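Peer 1: Next up is a structure, given as structure tokens.
The values are calculated or read from the model by the stated rules, or taken from the named source; none is laboratory data. Just so we're clear, the structure is a prediction, and the values are computed from it rather than from any experiment. Note that each Cβ is placed from the backbone with ideal geometry, even for glycine, and that neighbours are counted across all protein chains shown. Side chains are part of the model used for accessible areas, which takes the heavy atoms of the whole protein and leaves out ligands, DNA and RNA. Shrake-Rupley method; radii C 1.70, N 1.55, O 1.52, S 1.80 Å.
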Amino acid sequence: MAITLVGDTEFDPVPSTKSKCLRLNLNKNIYGTFAEIGAGQETVRNFFRAGGASGTIAKAMSAYDKAFSDAIYGIENDGRYVTEARLRTMLTKEMSHMEERIPRDKNPNKLFFSYANTVTTIDFAKKYKGHGWVGIRYQIDPNQTEYNEIALHVRFNENDARHQQNTLGTLGVNLIYGAYYKYDSPKKLLKYLYDHIDKDKLEIDTINFSGPTFKSVDNRLMSLQLVKNGFTEAIMFNPDGNNVLPARILYKKNILAIRGSFRPVTRVNMDIYETALEMFKREKNVNPDKIQVIFEITLSNLMAEGEIDEKDFLDRARLLCSLGQTVLISNFKEYYKLVEYFSNYTKEQMVLAMGVNNLVEIFNEKYYRHLSGGILEAFGKLFFKELKVYMYPLKDASTGDITYSANLRVHPRVKELYHFFINNGKLKDILNFNPDFMYISSREVLEKIKNNEEGWEEDVPDGVDNIIKEKALFKYSPSAIEK
């Protein structure tokens, strides 16, 4: 017996937090537990205040003391408490209590849920603003043997602990309400998480849906919505295609970032990656065991042809994941913003690997007119950190001439600035490149795939051509070739 969705269409006014709690409280079948660690019991407080909570709340607790938390949920391997692993432990433990203590035979229509959060709010010195994990495990049908789950990571932007607590409480209500009344439209559910919450108060940078109700949901697309809607500036997924917390991947790492369209990924993209990686390993302050390679695609690139084509996005993602790469989708059009983002997680050496055309764009003053300090301010942010740029040379198709940093022409106004970075070792040429790959253009390969022309297979990495054909990526049509 699934819940019937009533009202709350996109045309209806947004119900208040109290109204949401009351509707859930008055539903005689929804019943579950609340476990909140680190910021008080802010979510369940809203349900108590709304009235009728006895029909919804089986238990509310806050194992605030670490010793009590360990006694209830066990000790995590890394000894940390504000983690995804801790959240899932809490959800699993509390749901097991529901099943043990509320007999299913006497409550055949009950829809069990366990809501949990583990967070840390802003510290007294206001140096760390706080973050946390929030999630719900639940049923929409009492006959479901496998539970649905929504888990997300948040970062607080407010400068007052009490305000952060209130925001967390509202978010929790929105999540529980959306889980039950918006589960059939996950994209809308994401937007409704911000009901009565300003975007500048809270950032959601990771979210994952799982369970029978969400079998058709691709979590990479859900994360893409976070960036598209302005809920976060960047999201990340690993080679398995799962959304991952950027902080966990980037923390104290030496980062090698490669930006591109990867539409599709080609041999020249991989040549940039492989040659840059070998150079990076030889840098004096780099620990080869702590290198994290990131393939970055910007939102502006995904929207180059107007609205985002979700299939096209997934096509790119699948190929990069198949090559064992970690992918970052960002809203950083300018490179200095990307560097600032990485600097939030590491102070170690970083490298941006790019082709000549991208380097020329970096020295284009028009991109920095919105900054009071113009290009000098941008470059101060870009190169102030432990950052270097590796440039992949360009071969002229007609003359065969190769452009390196030494003979690259930039605008006269930035010429001295350009030479300053070369002379200070901030800009290096990639020299051990494969000249056979330099002519390859992703755009030309894409057109060949779309037009069913022959010969594109040799321009993509081994195995990528088979995936494109098997999955019919980038509008590949084998039937047209057969005809």
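Peer 1: Sort Lys187, Lys366 by accessible area with a 1.4 Å probe, largest first. Mind showing how you got there, number by number?
Peer 2: Details: Lys187 80, Lys366 105 Å².
Correct descending sequence by accessible area is Lys366, Lys187.
Peer 1: I would also like to ask the following. Can you give me the orientation-averaged projected area of the convex hull built on the Cα atoms of the range 181-330, in nm²?
Peer 2: 10.4
Peer 1: Related question: Identify all lysines with a Cα-Cα distance to Lys284 below 26 Å; exclude those on the same chain that are fewer than 8 residues away in sequence.
Peer 2: Lys252, Lys253, Lys337, Lys347, Lys381, Lys385, Lys388, Lys426, Lys428
Peer 1: Could you tell me the convex hull volume per residue, in Å³, taken over the Cα atoms of the range 386-452?
Peer 2: 147
Peer 1: For Arg49 and Asn229 in the same chain, what is the full-extension length gain: residue separation times 0.36 nm, less their Cα-Cα distance, in nm?
Peer 2: 61.7 nm
Peer 1: Measure out, as a whole number of angstrom, how far apart the alpha-carbon centroids of the range 199-220 and the range 388-438 sit.
Peer 2: 41
Peer 1: Please sort by residue number the GluC sites (Glu not before Pro) in the range 134-192 whose DSSP state is loop and whose Cβ has at most 11 other Cβ atoms within 10 Å.
Peer 2: Glu146
Peer 1: Hey, could you grab the Kirkwood Rh for the range 289-426? Inverse mean 1/r over distinct alpha carbon pairs, Å, one decimal.
Peer 2: On the way: mean 1/r = 0.0592 Å⁻¹.
About 16.9 Å, per the Kirkwood formula over Cα pairs.
Peer 1: Another question about this same structure. Could you calculate the contour length gain from Lys290 to Arg369, that is, 0.36 nm times the residue separation minus the distance between their Cα atoms, to one decimal place in nm? Mind showing how you got there, number by number?
Peer 2: On the way: separation 79, 0.36 × 79 = 28.44 nm, distance 3.64 nm.
The span from Lys290 to Arg369 would gain 24.8 nm if fully extended.
Peer 1: For the range 101-151, taking Cα atoms only, what is the radius of gyration to one decimal and the Dmax to the nearest whole Å?
Peer 2: 16.9, 53
Peer 1: Find the eigenvalues of the gyration tensor of the Cα atoms of the range 113-179, then list the square roots of 5 times those eigenvalues as equivalent ellipsoid semi-axes, largest first, in whole angstrom. Working shown, then result.
Peer 2: On the way: eigenvalues 171, 22, 10 Å².
For the range 113-179, the semi-axes come out at 29, 10, 7 Å.
Peer 1: Let me ask you something else. Using only alpha carbon positions, build the gyration tensor of the range 337-387, then give the equivalent ellipsoid semi-axes as the square roots of 5 times its eigenvalues, largest first, whole angstrom.
Peer 2: Values: eigenvalues 76, 45, 12 Å².
Calculated on Cα positions only, the semi-axes equal 20, 15, 8 Å.
Peer 1: Subtract the Cα-Cα distance of Ser261 and Leu417 from 0.36 nm times their separation in residues, and report this length gain in nm to one decimal. If you can, show how the numbers build up before the last one.
Peer 2: Numbers: separation 156, 0.36 × 156 = 56.16 nm, distance 2.79 nm.
Contour length minus Cα-Cα distance gives 53.4 nm.
Peer 1: Evaluate the charge dipole of the chain about its Cα centre and quote only its size in Debye, nearest 20, assuming +1 on the Cβ of each Lys and Arg and -1 on the Cβ of each Asp and Glu.
Peer 2: Its charge dipole is roughly 1540 debye.
Peer 1: If you don't mind, there's one more thing I want to ask. If you restrict to DSSP beta bridges whose two residues both lie in the chain, what percentage is antiparallel, to the nearest 5?
Peer 2: On the way: 33 of 69 bridges.
Percent antiparallel among DSSP bridges in the chain is about 50.
Peer 1: Does a label point 7 Å from the Cα of Ala67, set along Cα-to-beta-carbon, have any residues of the range 29-55 with amide nitrogen under 20 Å, and which are they?
Peer 2: Under 20 Å, as judged by backbone N against the label point of Ala67, lie 37-38 of the range 29-55.
Peer 1: Write out the trypsin sites (Lys or Arg not before Pro) in the range 209-286 meeting two conditions: DSSP loop, and at most 13 other Cβ atoms within 10 Å of their Cβ. Write down the numbers at each step before the final one.
Peer 2: On the way: sites: Lys215, Arg220, Lys228, Arg248, Lys252, Lys253, Arg259, Arg267, Lys281, Arg282, Lys284; in loops: Lys215, Lys252, Lys253, Arg282, Lys284.
The qualifying sites are Lys215, Lys252, Arg282, Lys284.
Peer 1: Heavy atoms only, probe 1.4 angstrom, no DNA, RNA or ligands counted: give me His97, His153 ranked by accessible area, highest first.
Peer 2: Of His97, His153, the descending order of accessible area is His97, His153.
Peer 1: Here's a follow-up. Where the accessible area of the range 307-409 is counted over protein heavy atoms with a 1.4 Å probe, how much of it, in %, is carbon and sulfur?
Peer 2: For the range 307-409, the apolar C and S fraction of the accessible surface comes to 47 percent.
Peer 1: Averaged over every viewing direction, what's the projected area of the C-alpha convex hull for the chain? Give it in nm², one decimal, please.
Peer 2: Averaging across all directions leaves 27.4 nm² for the Cα convex hull.
Peer 1: Residues with amide H under 5 Å of Ile291's amide H, sequence separation 5 or more or different chain, H placed in the peptide plane at 1.01 Å from N; which?
Peer 2: Residues meeting the amide H criterion: Asn254.
Peer 1: Here's a follow-up. Got a sec? Charge dipole of the chain, +1 on Cβ for Lys and Arg, -1 for Asp and Glu; which of Tyr64, Ala397, Val286 is way out at the positive end?
Peer 2: Ranked along the dipole, the leading option is Tyr64.
Peer 1: In nm, give the distance between the simple-model label positions of Ile102 and Lys127, each being 7 Å from the Cα along the Cα-to-Cβ direction.
Peer 2: 4.4
Peer 1: For the pair Asp309 and Lys201, what calculated FRET efficiency results from E = 1/(1 + (r/R0)^6), where r is the Cβ-Cβ distance and R0 = 25 Å, to the nearest 0.05?
Peer 2: On the way: r = 31 Å, r/R0 = 1.26.
It comes to 0.20.
Peer 1: Using alpha carbons only, how many degrees (0 to 90, rounded to 10) separate the axis of helix 17-26 from the longest principal axis of the chain?
Peer 2: For helix 17-26, the angle is close to 50 degrees.
Peer 1: Take the Cβ-Cβ distance between Lys93 and Lys426 as r, set R0 to 45 Å, and report the resulting FRET efficiency rounded to the nearest 0.05.
Peer 2: The computed FRET efficiency comes out at 0.30.
Peer 1: Another question about this same structure. Evaluate E = 1/(1 + (r/R0)^6) for His163 and Ser300, where r is the Cβ-Cβ distance and R0 equals 30 Å; express this FRET efficiency to the nearest 0.05.
Peer 2: It comes to 0.40.
Peer 1: Output the 0 to 90 degree angle, nearest 10, between the alpha-carbon long axis of helix 161-181 and the longest principal axis computed from the alpha carbons of the chain.
Peer 2: 80
Peer 1: Give me D for the range 423-483 in µm² s⁻¹, whole number, from Stokes-Einstein with Rh from the Kirkwood sum over alpha-carbon pairs, 10 °C and 1.306 mPa s. Don't skip to the answer; put the middle values down first.
Peer 2: On the way: Rh = 13.6 Å.
So the translational diffusion coefficient is about 117 µm²/s.
Peer 1: Using a 1.4 Å probe and counting only protein heavy atoms, arrange Val360, Val82 so the residue with the most accessible area comes first.
Peer 2: My answer, sorted largest first, is Val360, Val82.
Peer 1: Taking only the Cα atoms of the range 43-174, how large is their convex hull per residue, in Å³?
Peer 2: Working: hull volume 16.3 nm³, N = 132.
In the range 43-174, the Cα hull volume divided by residue count equals 124 Å³.
Peer 1: Using every alpha carbon pair in the range 19-94, what percent of pairs falls into each 10 Å bin from 0 up to the bin containing the largest distance?
Peer 2: 18, 45, 26, 10, 0
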